[in-house]
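So the structure is just underneath, and the comments pick up after that.
The values are calculated or read from the model by the stated rules, or taken from the named source; none is laboratory data. Model, not experiment: these values are computed from the prediction. Methodologically, a virtual Cβ is constructed for each residue, glycine included, from the backbone with ideal geometry; neighbour enumeration extends over all protein chains shown.
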Amino acid sequence: MVNWAIAKRPVALVGLNLIAAACYLLVGWRTGFLWHVDSSVFSTPDSHTYRQVADWIYGARSSAPASIWRPFLFPTLLGFADRAGGSLGVWVMNLVLWFVALNTTGAAVYRLTRNHWATGFVFLALAANISLILLTFQALTEITTLALIGVWLVGLSFLQTRPTARQVLLALLPVALLVVVKPEFEVLLVVTVLFLLFAVWRSAARGPAYVALAASLLPVAAQLALMVSVNHVWGISQIGDSTIRGYYVSRLFVYLGMSPDVYSAQPQAVAMSNTALLQFLAGHPLAAMRVFTHILRDNLESSSNFLTAANPIFLTIDTVTNQVYAWILVAMIPVVAIALMLRKDARLALICVALLNVLLAGGLSFWQGDRLTIIAIPLGGAALGLALTQVAERLRDTRPGESEPPAVVQPVGAADG
């Protein structure tokens with residue numbers, strides 16, 4: 001039987017969700033978004049491109065050039081919600097996914113740590129985050145991404161050293177779905193596939209596990225087929241190349257004094273061949289690192305772009321909260337490193353890869369507020385909670401006057417349920 005937190009503390013779980021609902025209503029009311037859903041959902045340029053792809057998928061238009069940047073899954077969900085209820089339907093979809101993200105992340109943290117305090121802290125850190133609440137009023141991918149991260153964390157909590165077919169499916173399918181929502185998670189996908197290939201090779205039931213692994217990659221295969229057949233491009237999406245050239249490299253040109261502003265630099269960056277681009281970055285390693293860290297720090301410490309000076313209190317809270325989270329990310333590095341050395345837990349390692357994946361993407365693009373990095377909260381919370389639990393367990397096991405017990409490689413998923 002799975003020892004879920006909801007089975008042991010249903011009142012606490014209901015209470016947490018009621019607090020989340022109160023936070024949501026407060027932020028939605030004070031910012032005015034709750035009363036203007038129709039005018040806010042499709043208010044950004046990015047939301048229009050997602051809608052164009054959705055209209056193309058559902059046959060409302062003959063083509064969608066944006067499909068070269070926008071993978072199919074989010075526009076498919078968006079188009080369904082839009083047709084079911086217009087802007088209100090899209091908002092309801094995001095609201096449901098927001099609650100899914102809170103509860104799946106909470107369940108995952110509980111399974112990983114068996115600690116109610118850690119579960120409650122991570123749940124409330126998500127529920128009270130102003131930026132995430134405001135993103136539910138936008139037709140953007142972040143809330144869908146957040147929900148899939150929560151589902152993946154739950155799946156990952158079941159993973160063992162020699163995984164079964166079910167465990168492979170739970171650990172890999174959410175990552176594949178993440179990739180066809182936000183292609184930046186290609187790094188996590190590659191690392192997860194390589195780990196599972198090795199882990200399955202060591203397991204007894206290799207056949208079914210390999211079948212599950214292949215089946216989990218079908219969404220990615222479908223996106224590849226779509227790109228080749230429609231856009232004649234081999235790859236999941238061109239958004240990564242566009243971001244690197246149009247934002248990061250252009251910013252580097254400005255930093256090096258090669259261009260007066262990003263807009264002037266973009267044509268030059270876009271025109272560079274891949275070889276010339278790599279040679280340029282290799283020729284300016286320190287400058288490239290400085291620009292990356294500067295962009296990443298700005299994104300981590302920025303408030304939401306959907307907050308204005310009309311909400312000074314929320315603006316201050318959001319900014320301070322993000323700055324605190326940025327410092328927590330730095331402070332948790334030694335704790336996580338110690339935990340990885342002590343337990344060699346692949347679940348913790350994969351969560352750290354996912355977190356680094358988000359931060360890598362967060363150092364390439366700008367003018368986005370905290371959109372690109374705010375999805376790191378459940379990953380950072382899960383990683384820190386699991387690392388602290390494992391370090392505390394080792395400290396309890398090693399008592400004064402006793403020799404330290406020999407290091408034991410723990411199962412990847414000690415709590416199989």
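Observations on the structure shown:
- Among (1) in a helix (DSSP H, G or I); (2) at pLDDT below 95, the one test that A60 misses: (1)
- When G235, G246, G240 are checked against the criterion of being on the phi > 0 side of the Ramachandran plot and surrounded by 15 or more Cβ atoms within 10 Å (Cβ to Cβ), G235 stands alone in meeting it.
- For I351, the conditions (1) within 24 Å of S303 (Cβ to Cβ); (2) under 15 Å from the mean Cα position of the chain (by Cα) all hold with the exception of (1).
- Listed by first and then second residue, the pairs with beta-carbon distance under 6 Å, at least 6 apart or on different chains, first residue in region 356-379 and more than 22 Å from G106 (Cα to Cα), second charged (D, E, K, R), are A361/E184.
- Of the residues making up region 278-303, those that are buried (at least 17 other Cβ atoms within 10 Å of the Cβ), among the β-branched types (V, I, T) and within 17 Å of N357 (Cα to Cα) number 1.
- Elements of type helices (runs of 4 or more DSSP H) in region 180-227, at least 2 residues being more than 23 Å from the chain's Cα centre (by Cα), touching a residue at least 12 places away in the same chain (Cβ under 8 Å) and under 26 Å from D345 (Cβ atoms): 186-201, 206-216
- Flag for R30 being closer than 21 Å to T316 by Cα and out of contact with any His (no Cβ under 8 Å at 6 or more places or on another chain): yes
- Among the residues of region 327-350, the ones that are outside any loop (DSSP other than H, G, I, E, B), basic (K, R) and modelled with pLDDT under 95 come to 1 in all.
- Meets criteria (of a type in the set (S, T, Y) and at pLDDT below 95) for S39: yes
- Of the set (1) within 30 Å of G32 (Cβ to Cβ); (2) surrounded by 13 or more Cβ atoms within 10 Å (Cβ to Cβ); (3) small (G, A, S), all apply to A310 but (2).
- Given (1) surrounded by fewer than 15 Cβ atoms within 10 Å (Cβ to Cβ); (2) under 20 Å from L156 (Cβ atoms); (3) in contact with a helix residue (DSSP H, G or I) (Cβ under 9 Å, 6 or more places away or on another chain), index of the condition E184 fails: (1)
- Total residues in region 132-165 satisfying the condition of being outside any helix (DSSP H, G or I), in contact with a Pro (Cβ under 8 Å, 6 or more places away or on another chain) and crowded, with 24+ Cβ neighbours inside 10 Å: the figure is 0.
- Among (1) more than 30 Å from V37 (Cα to Cα); (2) at pLDDT 95 or above, the one test that T161 misses: (2)
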